[in-house]
Every structure is written in C-alpha cells, then in structure tokens.
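S.K.: The following block contains the structure, expressed as structure tokens.
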C-alpha cells in the first residue's frame, strides 16, 4: 500500500507551520521556498517538502539568521555535500554577529539608563534627555 503525500493550500501550510501566508509568499519571492505547482483552478498546491523547508526557515529566522544566511544553509543541506564543519562555520559567524549586537545593546542600555537618571525628579520645562538628543 502506498502512502499518500500530504498537500496543503497556502492557508493550511501557514497553519501547519506557524508561518503567516504573506510570509510564505515572501519566501517564495526570495527564492527560499520553491514556487509550488498549481491546481487546475489556479490554486497553489504545497507539499510536505514545502512544509519541512518552511519549518527549517522559520527556525532559522527565530535564531536571527538573515535571508542570505538561510539560503546558504539550505544550499549546504540540499546539495548533499553538507559538512558539519561548513555549517558550524556559518553558525559561528552568526553567533559572532549576535554577540556584537548584544554588546551594542548593552551600550545603548547604559546610555539610556544614564539619560533617565538625568531626568529623575526634574519638573522643569526643559528636558535633559531632549537636550542630549539634540546635541
């Protein structure tokens, strides 16, 4: 007995994967998701392969990977020539970017806290925060 493959409409695919319908279209336009065949009525028919790929993309986005990084990871996964070393290098580079962003956010946090302290108890019409932002 052969197993029937599951097919999805865009709405069903969105519900199944937790990715909004418009985002699915965006991923098609970016080339991350293959454009599916259409039914006789012109409706897109997504496959289980589309669902698996979309879940992969969603997980990558949750980890903050950029579209180009996801494209590279997909290329490594699909080509069958993936090496753990290549995937690790890509992931390590992404981690470095994330750590740099965290460092920048900590600087921003410190600056904002300092600005807020300048305003504590200040009821005058002039605002030290506005003054600093204009300087």
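The values are calculated or read from the model by the stated rules, or taken from the named source; none is laboratory data. All values reported here derive from a predicted model rather than from experimental measurement. Using ideal geometry, Cβ is built from the backbone for each residue, glycine included, and neighbour counts are taken over all protein chains shown.
S.K.: Of the residues that make up segment 7-21, is at least one in a loop (DSSP other than H, G, I, E, B) and farther than 20 Å from residue 59 by Cβ?
M.R.: Checked against the condition, which is being in a loop (DSSP other than H, G, I, E, B) and farther than 20 Å from residue 59 by Cβ, segment 7-21 yields at least one hit.
S.K.: Separate question: Consider segment 75-97. How many of its residues are assigned to a helix (DSSP H, G or I) and at pLDDT below 90?
M.R.: Residues that pass the stated criteria total 8.
S.K.: May I pose another question? For the subset of segment 1-42 comprising residues that are farther than 17 Å from residue 67 by Cα and in contact (Cβ under 8 Å) with a residue 40 or more places away in the chain, which member is surrounded by the fewest Cβ atoms within 10 Å (Cβ to Cβ)?
M.R.: 5
S.K.: Separate question: Only one residue in 117, 20, 101 is on the phi < 0 side of the Ramachandran plot, out of contact with any helix residue (DSSP H, G or I) (no Cβ under 8 Å at 6 or more places or on another chain) and at pLDDT 95 or above, so which one is that?
M.R.: Unique residue meeting the criteria: 101.
S.K.: Would you be able to tell me the number of residues in segment 43-63 that are over 20 Å from residue 94 (Cβ atoms) and either out of contact with any helix residue (DSSP H, G or I) (no Cβ under 6 Å at 6 or more places or on another chain) or surrounded by fewer than 17 Cβ atoms within 10 Å (Cβ to Cβ) (or both)?
M.R.: Within segment 43-63, residues that are over 20 Å from residue 94 (Cβ atoms) and either out of contact with any helix residue (DSSP H, G or I) (no Cβ under 6 Å at 6 or more places or on another chain) or surrounded by fewer than 17 Cβ atoms within 10 Å (Cβ to Cβ) (or both) number 7.
S.K.: Tell me which residues, restricted to segment 4-33, are in contact with a strand residue (DSSP E or B) (Cβ under 7 Å, 6 or more places away or on another chain) and under 22 Å from residue 73 (Cβ atoms).
M.R.: Of everything in segment 4-33, those that are in contact with a strand residue (DSSP E or B) (Cβ under 7 Å, 6 or more places away or on another chain) and under 22 Å from residue 73 (Cβ atoms) turn out to be 13, 16.
S.K.: So which residues in segment 98-135 are closer than 30 Å to residue 77 by Cα and in a loop (DSSP other than H, G, I, E, B), if there are any at all?
M.R.: none
S.K.: Filter segment 43-74 for residues that are in a helix (DSSP H, G or I), within 30 Å of residue 102 (Cβ to Cβ) and either touching a residue at least 24 places away in the same chain (Cβ under 8 Å) or over 16 Å from the mean Cα position of the chain (by Cα) (or both) and give the result.
M.R.: Across segment 43-74, the qualifying residues are 54, 55, 57, 58, 67, 69, 70, 71, 74.
S.K.: Using the structure shown, decide if residue 34 is under 19 Å from the mean Cα position of the chain (by Cα) and either within 30 Å of residue 131 (Cβ to Cβ) or part of a loop (DSSP other than H, G, I, E, B) (or both).
M.R.: yes
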